[in-house]
There are 2 protein chains.
Amino acid sequence: MRPVISSEGARDVLVVGGGIIGLVTAWRAAGRGLSVALADPSPGGGAARVAAGMLAPVTELHYGEQRLLALQLASARRWAAFAAELEEAAGTGVGYRTCGTLAVALDADDRAQLKELHAFQRELGLSSEWLAGRECRRLEPMLAPGVRGGLRVDGDHQADPRLLARALVTACERAGVVFHRVRARELTVVRGRAAGVVLEDGTAVAAGRTVLAAGSWSGGLAGVPPELMPPVRPVKGQVVRLRMPDGGHGPFLSRTVRAVVRGSQVYLVPRESGELVIGATSEERGWDTTVTAGGVYELLRDAHELLPGLTELALVETSAGLRPVSPDNAPLLGATALDGLLLATGHGRNGVLLTPVTGDALADALTSGELPPEARPFTAGRFTGRELTTV
Amino acid sequence: MRPVISSEGARDVLVVGGGIIGLVTAWRAAGRGLSVALADPSPGGGAARVAAGMLAPVTELHYGEQRLLALQLASARRWAAFAAELEEAAGTGVGYRTCGTLAVALDADDRAQLKELHAFQRELGLSSEWLAGRECRRLEPMLAPGVRGGLRVDGDHQADPRLLARALVTACERAGVVFHRVRARELTVVRGRAAGVVLEDGTAVAAGRTVLAAGSWSGGLAGVPPELMPPVRPVKGQVVRLRMPDGGHGPFLSRTVRAVVRGSQVYLVPRESGELVIGATSEERGWDTTVTAGGVYELLRDAHELLPGLTELALVETSAGLRPVSPDNAPLLGATALDGLLLATGHGRNGVLLTPVTGDALADALTSGELPPEARPFTAGRFTGRELTTV
């Protein structure tokens, strides 16, 4: 590991991007004794503002993504302790709930697909239980009478991404992270080594290592050599938020329910606060974050097929955000071919789930120069053919 | 006509309620030389905040409501001059557009119903033109291919109710109307005569005549003798607002389009500003103004059947309001059995359309003591069996 360049006033680490991934990186780095700065015009914003916060590696299992599954499971296992530690550090909650998830089938095709998923889960040693339609409705009485069966996964949990982001901002502040509430304009490269950034207001922030954690915008920082630009694209997601009666979640819906309706994933995530999150569209639309008539219509239509009774619920918010998605749907973590530049981006739909493991992986990379074993398949260089696991 | 009681500081007229009906009453009364005060916590609010602003007596024709039709037509004929006069007085626009209305049929039943409506319109001497489906789509190319025919009514226009309310507030201010931005608590009755109100902050506002124009809340003012309480109930309407491309209305939709979809009225009103208003649900829910998942879903679903291309439009607002509806769906205008108390309420879905004629009718009632002929079927006393047309 090379020594930190400590020019006058330079920090050990500068994190570019104050979404949950940038924040957890900053918090964990500060926890290892490094001096840390973070640049973002509004820390705690980003894709987490819109995310549903499912911690659901088992119900979201995809064929061909078993390597990612290992990382997801490693993170899921850390979530309870992570939530406790963060809540202690910040003094505020993160809405972690172990209420479980129920993936249901609305027709015979869905049922066949869910049965296949169940077989695949068992093959991988994952814990899930097949339920008949009436057993699903016994668990969740608001479910549509047409539900044909489902998979109960008690190990798939949830957190509230807005609370998570807020707690991470506070924890960073308390850990001494210095916030520059300005957008980063350009990476500074000195003698072939990343040395910080220049902000849009002209301020130069010097740092021994720079972590690019700017979500969908990670591919757009000037000064990053073109061949090292992270291949991250924005995938738009629209989300609708309803309010359940009496602020309680129990009587209406007690756990996350999801299904595939007309080929689209739809999920309903009931929060402790009484909020019911319905997500999410998946649209390749560049930087567009418009909430559209069609997006809201399809979410309400599909959700209505799962839970007809939700028509009575108050609609309180519609929103859209951008998932930072990489070519293999997995994150880009750790060192790049440019000394002093690391990545923590490309988390796609898994940002909230992967927050604990990402914080730990980047803290390891920044202190020992090595990614931990579970993170090594996700090196930043894997798309350029120049894999590096040391800084 | 009895003389105005002019106690110290008393106004000739106090209007209770600052929606468009209260405002137009105050403006017109001030224009006749009366001194006018108006009490409302937020003048310019009320049902007009949510209304679509269709001026459409011909396409909204209902069997058995021919008396109301005469009043509607009288008001529709005044709208162009009213808009010009108000815009001149206020210095701001009201979004009056003579773009016409197209009522379309989506299936054979709708088509038969529209054909009957067309026959009824012709019987009453109203101007409308039957168009085949392809002629409808030639006029409005975004219409669904399944449109089976329609009624073109060029005389059914629109205004923007929010602009209308704003202009009326300014016109009232410029005409010297005194605003009390506090809710009225109780009618003051002195020697068997209405003499003003006491506001919620305890202020007594004295007036020779008091006009109750509080929309859905008109039945709830303390101090009004129970047998004279206007029988007005709130009927909830939910509305969705989209934004058409490029801020222009021409390319996407050039005129109001409406239809009956699955038994529900749905209409799409394109504004000059690029706003596209989709309305409206009609729900008996008391004072509830919650925007619900089901209300928004049904509006988007039905609108989508008419104009499939609207899925791409930005959804910018969802809202709900309360129509003040009387037992015969017509307004309550003019004197009551209590000397000095007049009504201007119960306009239901016709508030914007009836604004000009209501202002004129109340100004006549307040100055000459007589309602004009077109307003006489709508006396405030018709539900109590004690009809009075003089003050």
Of all residues making up region A:301-311, the number that are farther than 20 Å from A:Arg97 by Cβ and touching a residue at least 60 places away in the same chain (Cβ under 8 Å):
3
Please go through region B:70-120 and pick out each residue that is modelled with pLDDT of 95 or more, polar (S, T, N, Q) and not in a loop (DSSP other than H, G, I, E, B).
B:Gln72, B:Ser75, B:Thr101
Cβ-Cβ under 8 Å pairs, at least 6 apart or on other chains, region B:169-183 side closer than 15 Å to B:Ile20 by Cβ, far side among the polar types (S, T, N, Q) and part of a loop (DSSP other than H, G, I, E, B)
B:Thr170/B:Thr92
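Kindly indicate whether A:Arg376 is surrounded by fewer than 18 Cβ atoms within 10 Å (Cβ to Cβ) and in contact with a Ser or Thr (Cβ under 8 Å, 6 or more places away or on another chain).
Details: surrounded by fewer than 18 Cβ atoms within 10 Å (Cβ to Cβ): yes; in contact with a Ser or Thr (Cβ under 8 Å, 6 or more places away or on another chain): yes.
Answer is yes for this residue.
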In region B:277-289, residue farthest from the other protein chains (Cβ to nearest Cβ) [restricted to those that are surrounded by 16 or more Cβ atoms within 10 Å (Cβ to Cβ) and hydrophobic (A, V, I, L, M, F, W, C)]
B:Ala280
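May I ask you to verify whether B:Arg255 is away from chain A (no Cβ under 14 Å) and surrounded by 16 or more Cβ atoms within 10 Å (Cβ to Cβ)? Before the answer, list the steps.
On the way: away from chain A (no Cβ under 14 Å): yes; surrounded by 16 or more Cβ atoms within 10 Å (Cβ to Cβ): yes.
Yes, satisfied.
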Looking at the structure I just gave you, is A:Ala48 part of a helix (DSSP H, G or I) and surrounded by fewer than 17 Cβ atoms within 10 Å (Cβ to Cβ)?
no
Which condition breaks for A:Gly274 when tested against (1) more than 14 Å from chain B (Cβ to nearest Cβ); (2) in contact with a strand residue (DSSP E or B) (Cβ under 9 Å, 6 or more places away or on another chain); (3) of a type in the set (Gly, Ala, Ser)?
(1)
Output the residue which, of all residues in region A:305-348 that are surrounded by fewer than 18 Cβ atoms within 10 Å (Cβ to Cβ), over 14 Å from A:Val211 (Cα atoms) and more than 14 Å from chain B (Cβ to nearest Cβ), is farthest from the chain's Cα centre (by Cα).
A:Pro327
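In region B:189-300, which strands (runs of 3 or more DSSP E) lie fully inside it and hold 1 or more residues that are closer than 30 Å to A:Ala314 by Cα, touching a Leu at 6+ places or on another chain (Cβ under 6 Å) and in contact (Cβ under 8 Å) with a residue 40 or more places away in the chain? Step through it out loud before you land on a result.
Working: elements: B:193-199, B:204-212, B:233-243, B:256-261, B:264-270, B:275-279.
Qualifying strands (runs of 3 or more DSSP E): B:233-243, B:256-261, B:264-270.
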Quick one: B:Arg193 ticks every box in (1) surrounded by fewer than 24 Cβ atoms within 10 Å (Cβ to Cβ); (2) within 30 Å of B:Ala259 (Cβ to Cβ); (3) assigned by TED's automatic domain parsing to the domain that holds B:Arg11 bar one, so which box is it?
(2)
Within region A:33-43, identify whether any single residue is in contact with a strand residue (DSSP E or B) (Cβ under 6 Å, 6 or more places away or on another chain), part of a loop (DSSP other than H, G, I, E, B), under 21 Å from A:Ala303 (Cα atoms) and not assigned by TED's automatic domain parsing to the domain that holds A:Thr289, and answer yes or no.
no
Here are B:Gly19, B:Gly100: which of them is in contact with a strand residue (DSSP E or B) (Cβ under 9 Å, 6 or more places away or on another chain) and within 30 Å of B:Asp339 (Cα to Cα)?
B:Gly19
With A:Arg67, A:Arg28 as the choices, which residue is in contact with an Asp or Glu (Cβ under 7 Å, 6 or more places away or on another chain), more than 21 Å from A:Tyr267 (Cβ to Cβ) and part of a helix (DSSP H, G or I)?
A:Arg28
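Within region A:216-224, can one find any residue that is assigned by TED's automatic domain parsing to the domain that holds A:Gln113 and crowded, with 23+ Cβ neighbours inside 10 Å? Steps first, please.
Looking only at region A:216-224, we keep the residues that are assigned by TED's automatic domain parsing to the domain that holds A:Gln113, and these are none.
The answer is no, given that none of the residues of region A:216-224 is assigned by TED's automatic domain parsing to the domain that holds A:Gln113 and crowded, with 23+ Cβ neighbours inside 10 Å.
Being at positive phi and outside the structural domain of B:Phe252 (by TED's automatic domain parsing): is that true of B:Gly359 here?
Values: at positive phi: no; outside the structural domain of B:Phe252 (by TED's automatic domain parsing): yes.
No.
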A:Arg138 fails exactly one of the following numbered conditions: (1) assigned to a strand (DSSP E or B); (2) surrounded by fewer than 24 Cβ atoms within 10 Å (Cβ to Cβ). What is the number of that condition?
(1)
Given A:Arg301, A:Arg271, which one is surrounded by 17 or more Cβ atoms within 10 Å (Cβ to Cβ), at pLDDT below 95 and among the basic types (Lys, Arg)?
A:Arg271
Among (1) within 11 Å of another protein chain (Cβ to nearest Cβ); (2) on the phi > 0 side of the Ramachandran plot; (3) not aliphatic (A, V, I, L, M), B:Thr292 falls short only on (2)
So B:Leu14 fits all but one of (1) at pLDDT below 95; (2) touching a Gly at 6+ places or on another chain (Cβ under 8 Å); what number is the exception?
(1)
Options B:Arg349, B:Arg301, B:Arg285: the member that is closer than 29 Å to B:Leu253 by Cβ and in the same structural domain as B:Gln238 (by TED's automatic domain parsing)
B:Arg301
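Considering each residue of region A:42-80, count those that are free of Cβ contacts under 8 Å to residues at least 12 places away in the same chain and either under 18 Å from A:Cys99 (Cβ atoms) or in contact with a helix residue (DSSP H, G or I) (Cβ under 7 Å, 6 or more places away or on another chain) (or both), and give that number.
If we filter region A:42-80 for residues that are free of Cβ contacts under 8 Å to residues at least 12 places away in the same chain, which is where we start, we get A:64, A:77.
Right, trim to either under 18 Å from A:Cys99 (Cβ atoms) or in contact with a helix residue (DSSP H, G or I) (Cβ under 7 Å, 6 or more places away or on another chain) (or both) and you get A:77.
So the answer is 1.
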Select from region A:344-376 the residues that are over 14 Å from A:Thr25 (Cα atoms) and charged (D, E, K, R) and list them in ascending order.
A:Arg349, A:Glu370, A:Glu374, A:Arg376
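The values are calculated or read from the model by the stated rules, or taken from the named source; none is laboratory data. Keep in mind that what you see is a predicted model, and the values were worked out from it rather than measured. Because the Cβ atoms are built from the backbone with ideal geometry, glycine has one as well, and the counts that use them run over all protein chains shown.
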